[in-house]
Structure formats: C-alpha cells, structure tokens
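Encoded as structure tokens, the structure appears first; notes follow it.
The values are calculated or read from the model by the stated rules, or taken from the named source; none is laboratory data. Here the structure is a predicted model, which is why all the values come from computation and not from measurement. Ideal geometry is used to build each Cβ from the backbone, glycine not excepted, and the neighbour counts take in all protein chains shown.
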Amino acid sequence: MPGRYFLDTNIIVYSFDSTAPRKQTIAKKLIKNALILDIGFISYQVIQEFINVATQKFQEPLKPEDCKIYINNFLSPICEIFQSVDLFEDAIDIRSETGFGYYDALIVASALKGKATILYTEDLQHNRKIGGLRIINPFQMLK
C-alpha cells in the first residue's frame, strides 16, 4: 500500500464533475480514502482554490451554504498544511529547481511538508519525482 498522499485542487473539483464520470469516480474514491483511512491530505491553498472554482466557475456554482458544508465535512478534516514563511520559501526553492509556476511549487512544497509519497494531480508531469514525492495523474489510465 502506498504511503500518504496529497490531493491537488483539480482532484477535488473532479469529484463534482458529472460530465467526466470516470474521473469523478476516481476523485471521490481518493477523497473518501483520505477521510476514512487517514492517508490523504490537502493544504489551505487547496481549500482556497476550491472555493474560487466551486463558487464562480462550476457550471452551476455552489451556493455559499453548500460550499461551507462541503468545506466543514470533507476538506477541513483532511487539511493539514497551513501557510508559513518556511512553506513560501520552500515553494520558491522548488520553483527554481523545477521550473514549475509558483502556485504549483507551493502545492509540491505542501505535499513534501506533510511527508506525502504521492501527489495526485492532473496538472504536473506524471511520474516525476521530487525528493521522496512522486507526482501521479490518477486519470492517466483513462487516456
């Protein structure tokens, strides 16, 4: 069984996307396992990005109360990494080393800070390793 994993925002967003049912199923399973098995986690950044997408960019945006309920019931329990100067500095270093954009580097820094062995994301280079972290696109098999 793999070690702990970090969920990028796009995984959370796909859990709401009924237009991509296979991706939605995979995303929901990853979130469920994070909650029930206590093996997955997110950062404050993922919550912020989710709120932005869910309330403004979803085909049918979440109502404020529904967004709050989702945050409290699903995201807050798995949020382990919060902003700090050290995290920002780590992200700057990762950006310099990898060429990733700052916000992607901040996701990587958060995953590393939480000692994840896997970062699930659709946005970065599948199978790339950064330190002890492997970037995995969980939807790769669907292509």
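Within the stretch 94-123, the set of residues being within 14 Å of the chain's Cα centre (by Cα) and farther than 15 Å from Tyr5 by Cα comprises Tyr103, Asp104, Ala105, Leu106, Asp123.
Being aromatic (Phe, Trp, Tyr), at negative phi, surrounded by 11 or more Cβ atoms within 10 Å (Cβ to Cβ) and assigned to a helix (DSSP H, G or I): is that true of Phe88 here? So Phe88 passes the test. Total residues in the stretch 7-33 satisfying the condition of being within 14 Å of Phe50 (Cβ to Cβ) and either outside any helix (DSSP H, G or I) or modelled with pLDDT under 95 (or both): the figure is 5. Within the stretch 34-62, which residues are in contact (Cβ under 8 Å) with a residue 12 or more places away in the chain, part of a helix (DSSP H, G or I) and of a type in the set (Val, Ile, Thr)? Hits for the stretch 34-62 are Val46, Ile47, Ile51, Val53, Thr55. Against the conditions (1) at pLDDT below 95; (2) closer than 25 Å to Gly132 by Cβ; (3) of a type outside the set (A, V, I, L, M), Ser110 satisfies every one except (1). Among the residues of the stretch 63-84, those that are of a type in the set (A, V, I, L, M, F, W, C) and either more than 15 Å from the chain's Cα centre (by Cα) or in a helix (DSSP H, G or I) (or both) comprise Cys67, Ile69, Ile71, Phe74, Leu75, Ile78.
Within the stretch 47-76, the set of residues being closer than 17 Å to Asp8 by Cα and touching a Cys at 6+ places or on another chain (Cβ under 7 Å) comprises Ile47, Ile51, Ala54.
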